[in-house]
Amino acid sequence: MPELSRRSLLRSTVGTGAAGALALLAAGCGVPAAYVAPADRGAPDRSARDRRLTFANWPLYIDVDERDPRRRPTLEAFEKHTGISVTYTEEINDNDEFFGKISPALMNHQPTGRDLIVISDWMCGRYVRLGWVQEMDRARQPNVARHLDPLLRAPHFDPGRRHSVPWQSGITGIAYNRRKLGREIQHTADLWKDDLRGRVTLLSGMDESFAMLMQGDGVDITRWKEDDFYRMTDRIRRLVAKKHIRRFTGNDYIKDLASGDVLAAQAYSGDVIQLKEDNPDIEFVVPQEGAELWAESLMIPDRAEHKRNAERLIDFYYRPEIAAELAVWVNYVCPVPAARDVLASSKDEERAALAEDPLVFPDDSLRKRLAIARDITSKERPAFAKEWNGIVGL
């Protein structure tokens, strides 16, 4: 198992720097020409005669050979099964940064040099709205059609998942030190009790934070309104003024929890699985009011020259036995529930135990409390980002 997850090293920034400015501009704030019509998104597909593809992903987000970390067994299995060669790059370190890197080509109807990319769902919404990714042929992806988790099938930004397929999923909830705190946390409001004053952190990224905080106010995040957002930020501003919230973090909340400086933190499910390996007192909870289920999704950019090959790779990873191998390594919510049975039948005790972990395969009780948030629109984003960043101090 890797010592650190992809999210424990890197986080997505929102609306900051040149890339963030470009993202906001291109998302509908002054560059109408950035939109690409459906007829202009495709390119002649070379897949049949050129059996290769280029796949851009985040670091530490795929299985590796324990004896040789340069080897990736599931990719090698795909290459052997199909005869398609894969150039795999770990070049995505930040959603906005990567957006800025490939947007000039996409705006100018040029190929990006990549046939497949993995992007956080909140950013996927921008690509879909701009027409920068192609619709997939689901008739050629029977495993996706059969095995994609129903909870992930209909995000607000991409109805029917026509342009995106989850690579991995996860939950934004609460991690806390049960022994040091001396009580359970079951509700988001439990974070605001006096015994956590100055000992709680929230995620600094607006897109990562807002949904769970709204759910704590009883909001249905699949159809939240502007008033819901500002009611939530008013609460957080008051808590900051009272010095109840210690600080806003990226993934460095992991160090704060490990050191004991912080007793509770807004956190990602996959990180906590690994934290518990070192400290069994760390618990992860999905509040009774609910938590956000998110995904980072595979998409095929406009003008990709190996679209069919990319569709085949996506479908290959939706085979339950392949999805199970990936789940063992990355420890996030597996978007293929059928992979659970594969692991449960394993003679290896650790693999079989993973099948029973609700943070990888949520049980029915947990699934009822998970929802995909309605994404922030391009019109809403500038004002919301200003409001949020003013509180966080960005």
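None of the figures in this text is laboratory data; all of them are computed from the coordinates on show. Keep in mind that this is a model prediction, so the values were computed, not measured. Ideal geometry is used to build each Cβ from the backbone, glycine not excepted, and the neighbour counts take in all protein chains shown.
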Computed lengthening from GLU356 to SER259, 0.36 nm per intervening residue step minus Cα-Cα distance:
32.1 nm
Extension gain, ASN93 back to LYS225 (0.36 nm per residue minus Cα-Cα distance, nm)
44.4 nm
Ascending count of other beta-carbon atoms within 10 Å, so fewest first, for LYS101, LYS347, LYS307
LYS347, LYS101, LYS307
Whole-Å semi-axes of the stretch 130-276's equivalent ellipsoid, largest first, each the root of 5 times a Cα gyration tensor eigenvalue?
34, 19, 13
Order of LEU75, LEU130 from fewest to most other C-beta atoms within 10 Å?
LEU75, LEU130
Inter-site label distance for LYS193 and LYS180 at 7 Å from Cα along Cβ, in nm:
1.7 nm
Given labels modelled 7 Å from the Cα in the Cβ direction, how far is it in nm from ALA43 to ASP68?
3.1 nm
Kindly state, to the nearest 0.05, the FRET efficiency for ALA241 paired with GLU135, given R0 = 45 Å and r defined as their beta-carbon distance.
0.40
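Could you calculate the FRET efficiency of GLN288 with GLU321 from 1/(1 + (r/R0)^6), where r is the beta carbon distance between them and R0 is 45 Å, rounded to 0.05?
0.80
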With a sphere of radius 14 Å drawn around the Cβ of TRP192, what net charge do the other residues whose Cβ falls strictly inside it have (Lys, Arg +1; Asp, Glu -1)?
+4
Dividing the mean separation of Cα pairs under 8 Å (6+ apart) by the residue count of the stretch 179-334 yields a relative contact order in percent of 30 percent
Please state the charge dipole magnitude for the stretch 317-394, taken about the Cα centre, from unit charges on C-beta atoms (+1 on K and R, -1 on D and E), reported in debye and rounded to the nearest 20.
540 debye
Once the dipole of the chain is set up from charges on Cβ (+1 Lys and Arg, -1 Asp and Glu), the residue from the list PRO320, TRP388, ILE282 lying farthest towards its positive end is TRP388
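Express in % the proportion of alpha carbon pairs of the stretch 86-157 at distances exceeding 17 Å. All intermediate terms of the calculation are to be shown ahead of the outcome.
Working: 1391 of 2556 pairs.
Here the long-distance tail beyond 17 Å is 54 percent of all Cα pairs in the stretch 86-157.
Based on Cβ point charges of +1 for Lys and Arg and -1 for Asp and Glu, what charge dipole magnitude is obtained for the chain about its Cα centre, in debye rounded to the nearest 20?
Using only the charged Cβ atoms, the result is roughly 780 debye.
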To the nearest 0.05, the calculated FRET efficiency linking ASN389 and ARG51 through their beta-carbon distance, R0 being 45 Å, is 0.45
Placing each pseudo-label 7 Å from Cα in the direction of the beta carbon, ASP217 and TYR35 end up separated by a distance in nanometres of 3.1 nm
